[in-house]
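The values are calculated or read from the model by the stated rules, or taken from the named source; none is laboratory data. The structure displayed is predicted, hence computed values, not measured ones. Here the Cβ positions follow ideal geometry from the backbone for every residue, glycine too, while neighbour counts run over all protein chains shown. These area figures cover heavy atoms from the full protein model, side chains too; ligands, DNA and RNA do not enter into them. Shrake-Rupley method; radii C 1.70, N 1.55, O 1.52, S 1.80 Å.
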Amino acid sequence: RSLDPACGSGAYPMGLLKKMVRVLTKLDPDNSLWRARQLALAEQIDSAPAREEALAAIARAFSRNNDDYGRKLYLIENSIYGVDIQPLAVQIAKLRFFITLIVDQPIDPALPNYGILPLPNLETKIVPANTLLGLQRGQLLLGSDEVRALERELKTVRHRYFTARRYQDKKALRRRDRDLCKKLATALVESGECTPSDAKRLVEWNPYNTNTYAGFFDPGWMFGLEGRDGAPGKFDLVLGNPPYVRQEELKAVTVRDSAGKNRPLKDVLKEQYECYTGTADLYVYFFERSLQLLRTGGVLSFITSNKYFRAGYGEKLRAYLLYATAPRVLLDFGDTDIFTAVAYPCILVTEKLRDVEKETLPDPKSFENADIFKQLVPHADRTFPVLAWKPAPAGGESKVDFPVVFDRDSFAFRQRDLKPSSWTIQQGLGLTLVETLRAGRQSLTKYVGARVSRGLTTGYNDAFIISADEAKAICRSESETKEFIRPYIRGKDIKRWRSESDDLFIIQIPSSENQPHPWSDLPAKEAEKIFKAHHPAVHARFNSTEHKQSLLDRYDQGNYYWELRSCQYYGDFTKTKILSTKISIQPTFCIDESGATLANTSYFFPTPSEPRFILSLLNSSVFHAYARRVFVDKQGGWFEIQPTALEEFPIPIATPDQKALSEALSGALIELHKPETAGLPERGLMVT
């Protein structure tokens, strides 16, 4: 049994079908064993009419030496399943299966319909549904005798429907299907195996309505798959290319939960998934959901972005994969343009070793302890082949013999080297460098006593970011507003050793959740009157036709449309701090002592002592080597800073003299890179 949980138009199920047909052809060239198996399965059908109908269908499928048709028909019915949230995509996938069955049939003008056999009905083989949202108990547990009997009859009806040819037969089977669904839903509620709300969702789902999708997915209900003891069957293989949807696009999405209420998708995902992180992209949840649907010993094969290797939002997923699976193959294509729909593609093939119930995943930090690691990952010494893809040089051969490249360039990798903190796919010194640097040393965050934070997200910069002249005009007209006008530094203003302010300022009015205001806790209209009285110039700007609607519509806001979002570290902006760009091609750190607020394209942390010593380390070649191994790679040699990995940068043990020298050199480089001295020769620096 195989499943593509986001099958789209069916490319991966179709590819799998072709491979399975090829394997069957090798194993059973004359199709005798395969035909005998289908006949044996048909003989087990309890209903005599259904059994005779199935036997007749087998005779038709294997007639006239139509070997591949017979193989494909029964693989499609029993082995290949697909789900997608887009009904149109599901229809296209069905069409592809129809076409692959037609092309293997010989045409005979002397026979009715030119000898072409009628096509099967695929409504319960590829279904439009939301794969990520299961029922309240995850999957139905069909336990009572009445439930089991109804479920078996429903399975028989759908088996008969698969090969039904006449319209009247199809209509009758659909009607019987609906009656059984209603009875089964009632029986599930009465036996305590399903909530009334979920029972309603089950009844409302109609596999024969091809114009809409189900708001949930359950293989036991939709595919009739059975496992042991009446539990829903799981899959041997889950494969595909989950949709790459950024987390920002999920904010406005709402879904109906198990209680029948419309709620934000993120809230529902948080309740259902161990790997939930507010900044995680959608494909993270497809990993966990697919592992839920796999049997122990089953295999997951996904093409996704490799960002989960090092991104902060991927830490729980990395821990989940390390704890519950054993990788078999890993291909990392880096920034090579292999798949146009996936940025930084990689392929992971991994075997499921255990189920992970909600709230049972170990804390990712616990894996750092060697003794606990051995207990959590008893299979840690297993190795598997890894290929870090190297693109062909300019002018080189564009078409590559993939098996040859894999055999030549792949290398053995230990599972214990996949740490929840980061996946560094290298060999030799490149792999051990980070561990060597960290051994026996304090992390950056422990050394400075502060976390790495991102700059502010306003949700609408056009209103909040102003020029120096606009800032002066506001401050001249209303003295009360001066405390809210702060210098503003964007990510692109941060350079190595210095920042280059573009004389920008931010109207920084913190959320009432962080700072009390005269209007706090008042109704919106009354609060706005008070805000206007205290800050008329800012109110006039925000209330203008140019800005107000956008301010109201933005996601990132405080309790009122003129406030910024809630943030626990507003006070840290006023401290001496070290800044970094979000995306760099080399270490790009500098010190800020102006109390400036930062844009969300940068990171920072306060440094109450030794800022120049810390800066010298972060702009060093050692940090550059560290960054290449722990941060997310971007195209063209760039990398994206990950706050958690930056916090773990090891600070070497230094004597007072070593610190003094580092601070002196750092200070000299800061002076050298000031705008008025930038570009002067650096050779005199070492003499100094």
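Among the numbered conditions (1) in a helix (DSSP H, G or I); (2) open to solvent by 20 Å² or more (accessible area, probe 1.4 Å), the only one that Glu151 does not meet is (2).
For region 453-505, give me each residue that is under 30 Å from Pro643 (Cβ atoms) and among the aliphatic types (A, V, I, L, M). Result: Leu456, Ala463, Ile465, Ile466, Ala471, Ile485, Ile489, Ile494, Leu504.
Per-residue answers, yes or no, for (1) touching a residue at least 12 places away in the same chain (Cβ under 8 Å); (2) under 31 Å from the mean Cα position of the chain (by Cα); (3) within 24 Å of Arg295 (Cβ to Cβ):
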site	(1), (2), (3)
Arg174	yes, no, no
Asp179	no, no, no
Gly192	no, no, no
Asn209	no, yes, no
Phe216	yes, yes, yes
Gly220	yes, yes, yes
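Restricting attention to region 1-35, the residues being among the small types (Gly, Ala, Ser) and closer than 24 Å to Arg158 by Cβ number 5.
If you scan region 353-388, which residues turn out to be assigned to a loop (DSSP other than H, G, I, E, B) and among the basic types (Lys, Arg)? Residues satisfying the conditions are Arg354, Lys358, Arg382.
Quick one: how many residues across region 256-283 are closer than 23 Å to Trp205 by Cβ and among the small types (Gly, Ala, Ser)? Final tally of qualifying residues: 3.
In a residue-by-residue description of region 674-686, the property of being open to solvent by 30 Å² or more (accessible area, probe 1.4 Å) and modelled with pLDDT of 85 or more applies to no position.
Condition first: acidic (Asp, Glu) and open to solvent by 40 Å² or more (accessible area, probe 1.4 Å). Can you find one or more residues in region 453-468 that meet it?
So the first thing to find is which residues in region 453-468 are acidic (Asp, Glu), and the list is 462.
Of the ones still in play, those that are also open to solvent by 40 Å² or more (accessible area, probe 1.4 Å) are 462.
Within region 453-468, one or more residues are acidic (Asp, Glu) and open to solvent by 40 Å² or more (accessible area, probe 1.4 Å).
Anything in region 65-110 that is outside any helix (DSSP H, G or I), at pLDDT below 90 and open to solvent by less than 60 Å² (accessible area, probe 1.4 Å)? List them, or say none. Selection gives Asn66, Asp104, Gln105, Pro106, Asp108. In region 354-391, the qualifying residues are those that are within 25 Å of the chain's Cα centre (by Cα) and among the aliphatic types (A, V, I, L, M), and the one that is modelled with the lowest pLDDT is Ala388.
Mind telling me which of the residues Ala11, Ala6, Ala48 ends up being over 20 Å from Val299 (Cα atoms) and among the hydrophobic types (A, V, I, L, M, F, W, C)? The unique qualifying residue is Ala48. Consider region 478-531 and keep the residues that are open to solvent by 40 Å² or more (accessible area, probe 1.4 Å) and aliphatic (A, V, I, L, M). The one that is nearest to Tyr561 (Cα to Cα) is Ala524.
The residue that is modelled with the highest pLDDT, counting only those in region 630-656 that are of a type in the set (Val, Ile, Thr) and within 17 Å of Leu433 (Cβ to Cβ), is Ile651. In region 358-386, the residues that are hydrophobic (A, V, I, L, M, F, W, C) form Cβ pairs under 9 Å with partners that are part of a strand (DSSP E or B) and open to solvent by 60 Å² or more (accessible area, probe 1.4 Å), at six or more places apart or across chains, as follows: Ala380/Arg414; Phe384/Arg328; Phe384/Ala412; Phe384/Arg414; Val386/Ala412.
Does region 626-636 contain at least one residue that is exposed (fewer than 15 other Cβ atoms within 10 Å of the Cβ) and outside any strand (DSSP E or B)? If you could, list the steps in order and put the result at the bottom.
Kept after step one, since they are exposed (fewer than 15 other Cβ atoms within 10 Å of the Cβ), are these residues of region 626-636: 635-636.
In the following step, the residues that additionally are outside any strand (DSSP E or B) were identified as 635-636.
Yes - at least one qualifying residue is present in region 626-636.
In the condition set (1) modelled with pLDDT under 85; (2) open to solvent by less than 10 Å² (accessible area, probe 1.4 Å), Thr131 is compliant with all but (1).
Hey, can you tell me all the residues within region 637-661 that are assigned to a loop (DSSP other than H, G, I, E, B) and more than 32 Å from the chain's Cα centre (by Cα)? Reasoning before the result, please.
Within region 637-661, the subset assigned to a loop (DSSP other than H, G, I, E, B) is 638, 641-642, 648-649, 652-655.
Once the filter is applied, which keeps residues that are assigned to a loop (DSSP other than H, G, I, E, B) and more than 32 Å from the chain's Cα centre (by Cα), region 637-661 yields Pro652, Ile653, Ala654, Thr655.
Only one of the numbered conditions (1) farther than 24 Å from Tyr161 by Cα; (2) modelled with pLDDT under 90; (3) open to solvent by 30 Å² or more (accessible area, probe 1.4 Å) is not met by Ser47, and that is (1).
Which one of these is of a type in the set (A, V, I, L, M) and either under 22 Å from Pro207 (Cβ atoms) or modelled with pLDDT of 95 or more (or both): Leu24, Leu16? I'd like the intermediate steps shown before the answer.
Working: Leu24 fails: either under 22 Å from Pro207 (Cβ atoms) or modelled with pLDDT of 95 or more (or both).
When all the criteria are applied, what remains is Leu16.
Counting just the residues of region 238-267 that are among the aliphatic types (A, V, I, L, M) and over 21 Å from Tyr308 (Cβ atoms), which one comes out modelled with the highest pLDDT?
The initial filter retains those residues of region 238-267 that are among the aliphatic types (A, V, I, L, M), namely 238-239, 245, 250, 252-253, 255, 259, 265.
Still in the running and over 21 Å from Tyr308 (Cβ atoms): 252, 255, 259.
Numbers: Ala252: 78, Val255: 85, Ala259: 69.
Among them, the one singled out is Val255.
Selection over region 292-313 of residues that are buried (at least 22 other Cβ atoms within 10 Å of the Cβ) and among the aliphatic types (A, V, I, L, M) gives a count of 4. Reported count of residues in region 561-595, each being among the aromatic types (Phe, Trp, Tyr) and open to solvent by 20 Å² or more (accessible area, probe 1.4 Å), is 2. When Tyr285 is tested against (1) within 12 Å of the chain's Cα centre (by Cα); (2) assigned to a strand (DSSP E or B), only condition (2) is not met.
In the set (1) closer than 18 Å to Thr156 by Cα; (2) among the small types (Gly, Ala, Ser); (3) without any contact (Cβ under 8 Å) to a residue 60 or more places away in the chain, Ala187 fails one condition alone, (1).
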